[in-house]
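The values are calculated or read from the model by the stated rules, or taken from the named source; none is laboratory data. Please read these numbers as outputs of a predicted model, since none were measured by experiment. Note that each Cβ is placed from the backbone with ideal geometry, even for glycine, and that neighbours are counted across all protein chains shown. Surface areas here come from the heavy atoms of the whole protein model, side chains and all, with no ligands, DNA or RNA. Shrake-Rupley method; radii C 1.70, N 1.55, O 1.52, S 1.80 Å.
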Amino acid sequence: QAPDLFEQTDRNGNHFRCIEAFVRRFLHRTLGWSLRRTTRAGQKIPPNADELLLQMCLRAAVAIRDLNITDVLVVNTDQNQVVYLSDGKITYHTVGEKQIQVEGKDEKRAFTLVVGVSMSGEVLPFQTIYQGYSRLSLRLAEAPFMDRATDLGFRFEVSESDTYWSTQGTMRTYVTYILAPHFDGSRPNLLVADRCLVSSSIYRVSSVDGG
(Lines give C-alpha, C1' and ligand atoms only; values in the text may rest on other atoms or scores of the structure.)
Protein backbone atom coordinates (compact mmCIF):
# COMPACT_ATOMS: atom_id res chain seq x y z
CA GLN A 1 0.00 0.00 0.00
CA ALA A 2 1.18 3.52 -0.80
CA PRO A 3 1.00 4.89 2.81
CA ASP A 4 3.10 1.98 4.09
CA LEU A 5 5.75 2.80 1.51
CA PHE A 6 6.59 6.02 3.34
CA GLU A 7 7.09 4.14 6.63
CA GLN A 8 9.66 1.72 5.23
CA THR A 9 13.37 2.40 5.46
CA ASP A 10 16.32 1.22 3.44
CA ARG A 11 19.37 -0.53 4.89
CA ASN A 12 20.77 2.83 5.95
CA GLY A 13 17.59 3.73 7.87
CA ASN A 14 16.44 6.36 5.38
CA HIS A 15 12.76 6.78 4.56
CA PHE A 16 11.50 6.72 1.02
CA ARG A 17 11.33 10.12 -0.67
CA CYS A 18 10.77 11.36 -4.22
CA ILE A 19 13.31 13.78 -5.53
CA GLU A 20 11.95 16.95 -7.13
CA ALA A 21 13.19 16.02 -10.61
CA PHE A 22 11.32 12.69 -10.45
CA VAL A 23 8.10 14.42 -9.43
CA ARG A 24 8.38 16.94 -12.26
CA ARG A 25 8.99 14.18 -14.84
CA PHE A 26 6.10 12.11 -13.48
CA LEU A 27 3.67 15.03 -13.58
CA HIS A 28 4.72 16.05 -17.07
CA ARG A 29 5.26 12.71 -18.82
CA THR A 30 2.76 10.45 -17.07
CA LEU A 31 -0.07 12.79 -16.09
CA GLY A 32 0.44 15.37 -18.81
CA TRP A 33 0.33 18.21 -16.27
CA SER A 34 2.21 21.50 -16.25
CA LEU A 35 2.07 24.67 -14.18
CA ARG A 36 -0.60 26.93 -15.68
CA ARG A 37 -1.92 30.33 -14.77
CA THR A 38 -5.53 30.09 -13.57
CA THR A 39 -8.06 31.69 -15.88
CA ARG A 40 -11.40 31.14 -14.17
CA ALA A 41 -13.00 29.90 -10.98
CA GLY A 42 -13.91 26.26 -10.64
CA GLN A 43 -17.47 25.50 -11.70
CA LYS A 44 -19.76 24.43 -8.88
CA ILE A 45 -21.23 21.45 -10.68
CA PRO A 46 -23.36 19.17 -8.49
CA PRO A 47 -22.24 15.53 -8.33
CA ASN A 48 -25.52 14.35 -9.88
CA ALA A 49 -25.50 16.94 -12.69
CA ASP A 50 -26.07 14.34 -15.44
CA GLU A 51 -29.09 12.93 -13.61
CA LEU A 52 -30.56 16.41 -13.04
CA LEU A 53 -30.13 17.33 -16.71
CA LEU A 54 -31.78 14.09 -17.82
CA GLN A 55 -34.71 14.67 -15.47
CA MET A 56 -35.11 18.21 -16.79
CA CYS A 57 -35.14 17.00 -20.40
CA LEU A 58 -37.67 14.28 -19.60
CA ARG A 59 -39.99 16.72 -17.80
CA ALA A 60 -39.84 19.11 -20.74
CA ALA A 61 -40.43 16.30 -23.26
CA VAL A 62 -43.43 14.97 -21.33
CA ALA A 63 -44.94 18.46 -20.99
CA ILE A 64 -44.49 19.15 -24.72
CA ARG A 65 -46.03 15.79 -25.64
CA ASP A 66 -48.95 15.74 -23.22
CA LEU A 67 -49.89 19.41 -23.57
CA ASN A 68 -49.16 19.51 -27.32
CA ILE A 69 -46.97 22.62 -26.96
CA THR A 70 -45.81 23.96 -30.32
CA ASP A 71 -42.13 24.83 -30.76
CA VAL A 72 -42.63 28.59 -30.95
CA LEU A 73 -44.15 28.52 -27.46
CA VAL A 74 -41.14 26.74 -25.91
CA VAL A 75 -38.55 29.27 -24.73
CA ASN A 76 -35.22 28.82 -22.95
CA THR A 77 -33.68 31.81 -21.17
CA ASP A 78 -30.40 32.38 -19.36
CA GLN A 79 -28.27 35.11 -17.81
CA ASN A 80 -24.74 36.20 -18.60
CA GLN A 81 -22.38 38.67 -16.95
CA VAL A 82 -20.96 41.22 -19.37
CA VAL A 83 -17.82 43.05 -18.20
CA TYR A 84 -17.33 46.54 -19.62
CA LEU A 85 -13.55 46.24 -19.83
CA SER A 86 -12.00 42.79 -20.29
CA ASP A 87 -8.44 42.98 -19.00
CA GLY A 88 -5.61 40.76 -20.13
CA LYS A 89 -3.46 38.75 -17.74
CA ILE A 90 -0.26 39.12 -19.79
CA THR A 91 1.42 42.17 -21.32
CA TYR A 92 4.80 43.29 -22.62
CA HIS A 93 7.02 45.13 -20.13
CA THR A 94 10.65 45.89 -19.33
CA VAL A 95 12.79 42.78 -18.80
CA GLY A 96 13.57 42.23 -15.13
CA GLU A 97 10.71 44.36 -13.79
CA LYS A 98 9.11 42.71 -10.76
CA GLN A 99 5.82 44.61 -10.52
CA ILE A 100 3.76 44.85 -13.71
CA GLN A 101 0.81 47.22 -13.61
CA VAL A 102 -2.08 46.85 -16.05
CA GLU A 103 -4.75 49.50 -16.35
CA GLY A 104 -8.21 48.19 -15.52
CA LYS A 105 -7.05 44.96 -13.90
CA ASP A 106 -9.17 45.58 -10.81
CA GLU A 107 -12.07 47.00 -12.80
CA LYS A 108 -15.10 44.76 -12.23
CA ARG A 109 -17.92 46.91 -13.56
CA ALA A 110 -20.42 44.84 -15.49
CA PHE A 111 -24.09 44.32 -16.24
CA THR A 112 -26.33 41.27 -16.55
CA LEU A 113 -27.67 40.25 -19.95
CA VAL A 114 -30.78 38.06 -20.08
CA VAL A 115 -31.29 36.26 -23.37
CA GLY A 116 -34.02 33.96 -24.61
CA VAL A 117 -34.59 31.81 -27.69
CA SER A 118 -37.58 29.73 -28.72
CA MET A 119 -37.37 26.12 -29.86
CA SER A 120 -38.38 27.37 -33.31
CA GLY A 121 -35.13 29.39 -33.44
CA GLU A 122 -36.50 32.87 -32.80
CA VAL A 123 -34.28 35.08 -30.61
CA LEU A 124 -36.24 37.18 -28.15
CA PRO A 125 -35.35 40.80 -27.29
CA PHE A 126 -32.60 41.14 -24.69
CA GLN A 127 -32.98 42.45 -21.16
CA THR A 128 -30.02 44.25 -19.60
CA ILE A 129 -29.74 44.93 -15.87
CA TYR A 130 -27.53 47.68 -14.47
CA GLN A 131 -26.51 48.54 -10.93
CA GLY A 132 -28.39 51.49 -9.51
CA TYR A 133 -31.60 52.79 -8.00
CA SER A 134 -33.02 55.07 -10.70
CA ARG A 135 -33.19 55.46 -14.46
CA LEU A 136 -30.39 58.02 -14.16
CA SER A 137 -28.00 55.07 -13.67
CA LEU A 138 -28.64 53.95 -17.26
CA ARG A 139 -27.45 57.06 -19.14
CA LEU A 140 -28.55 55.42 -22.38
CA ALA A 141 -30.85 58.03 -23.88
CA GLU A 142 -28.23 59.29 -26.35
CA ALA A 143 -26.54 55.93 -27.02
CA PRO A 144 -26.16 55.00 -30.71
CA PHE A 145 -29.11 52.95 -32.04
CA MET A 146 -31.01 53.30 -28.75
CA ASP A 147 -34.24 54.06 -30.61
CA ARG A 148 -33.76 50.97 -32.75
CA ALA A 149 -33.15 48.77 -29.70
CA THR A 150 -36.28 50.14 -28.02
CA ASP A 151 -38.35 49.50 -31.14
CA LEU A 152 -37.13 45.88 -31.15
CA GLY A 153 -38.37 45.43 -27.60
CA PHE A 154 -35.04 45.46 -25.74
CA ARG A 155 -35.39 46.22 -22.03
CA PHE A 156 -32.93 48.33 -20.01
CA GLU A 157 -33.47 47.91 -16.28
CA VAL A 158 -31.90 49.08 -13.04
CA SER A 159 -31.51 46.52 -10.27
CA GLU A 160 -32.59 48.93 -7.52
CA SER A 161 -29.72 47.52 -5.47
CA ASP A 162 -25.95 47.76 -5.06
CA THR A 163 -25.38 44.95 -7.60
CA TYR A 164 -26.25 44.39 -11.24
CA TRP A 165 -27.72 40.95 -10.57
CA SER A 166 -31.16 39.94 -11.72
CA THR A 167 -33.86 40.16 -9.07
CA GLN A 168 -37.40 38.90 -8.77
CA GLY A 169 -38.54 42.33 -9.91
CA THR A 170 -36.47 42.30 -13.08
CA MET A 171 -37.54 38.71 -13.81
CA ARG A 172 -41.15 39.81 -13.53
CA THR A 173 -40.59 42.62 -16.03
CA TYR A 174 -38.86 40.13 -18.36
CA VAL A 175 -41.96 37.93 -18.28
CA THR A 176 -44.34 40.88 -18.67
CA TYR A 177 -42.58 42.84 -21.41
CA ILE A 178 -40.60 40.19 -23.33
CA LEU A 179 -41.95 36.67 -22.77
CA ALA A 180 -45.67 37.51 -22.78
CA PRO A 181 -45.51 39.67 -25.95
CA HIS A 182 -43.56 36.90 -27.69
CA PHE A 183 -46.18 34.32 -26.76
CA ASP A 184 -49.06 36.62 -27.71
CA GLY A 185 -47.46 37.53 -31.03
CA SER A 186 -46.91 33.87 -31.87
CA ARG A 187 -50.59 32.99 -31.59
CA PRO A 188 -52.27 34.33 -34.78
CA ASN A 189 -52.98 30.76 -35.88
CA LEU A 190 -52.98 29.22 -32.39
CA LEU A 191 -55.57 28.94 -29.67
CA VAL A 192 -55.41 31.41 -26.79
CA ALA A 193 -55.59 28.48 -24.39
CA ASP A 194 -52.45 26.86 -25.83
CA ARG A 195 -49.84 26.18 -23.16
CA CYS A 196 -46.34 27.69 -23.11
CA LEU A 197 -43.15 26.31 -21.60
CA VAL A 198 -40.23 28.31 -20.18
CA SER A 199 -36.96 26.80 -18.94
CA SER A 200 -33.64 28.27 -17.86
CA SER A 201 -31.20 28.66 -15.00
CA ILE A 202 -33.51 31.39 -13.71
CA TYR A 203 -36.81 29.57 -13.76
CA ARG A 204 -37.65 25.96 -13.13
CA VAL A 205 -39.18 24.15 -16.09
CA SER A 206 -42.85 25.02 -16.02
CA SER A 207 -45.80 25.18 -18.33
CA VAL A 208 -48.23 28.08 -18.10
CA ASP A 209 -51.71 28.70 -19.37
CA GLY A 210 -51.97 30.68 -22.56
CA GLY A 211 -54.21 33.30 -20.95
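Scanning the stretch 134-172 for residues that are β-branched (Val, Ile, Thr) and open to solvent by less than 30 Å² (accessible area, probe 1.4 Å), which turns out farthest from Asp71 (Cα to Cα)? Outline the logic, then answer.
As a first pass, look at the stretch 134-172 and keep what is β-branched (Val, Ile, Thr): 150, 158, 163, 167, 170.
Still in the list and also open to solvent by less than 30 Å² (accessible area, probe 1.4 Å): 158, 170.
Details: Val158: 32, Thr170: 25 Å.
Here the residue is Val158.
State which residue pairs qualify: first residue over 14 Å from Thr170 (Cα atoms) and inside the stretch 126-142, second residue modelled with pLDDT under 90 and in a helix (DSSP H, G or I) in any location, beta carbons under 6 Å apart, and separation of 6 or more residues or different chains.
Hits for this filter: Leu140/Met146.
Return yes or no: is Val123 out of contact with any helix residue (DSSP H, G or I) (no Cβ under 8 Å at 6 or more places or on another chain), within 30 Å of Gly185 (Cβ to Cβ) and modelled with pLDDT of 85 or more?
So Val123 passes the test.
So is Gln131 out of contact with any Cys (no Cβ under 6 Å at 6 or more places or on another chain), modelled with pLDDT of 85 or more, surrounded by 11 or more Cβ atoms within 10 Å (Cβ to Cβ) and over 30 Å from Ile69 (Cα atoms) or not?
yes
Here is a check on your reading of the model: is Leu58 assigned to a helix (DSSP H, G or I) and at pLDDT 85 or above?
Working: assigned to a helix (DSSP H, G or I): yes; at pLDDT 85 or above: yes.
The answer is yes for Leu58.
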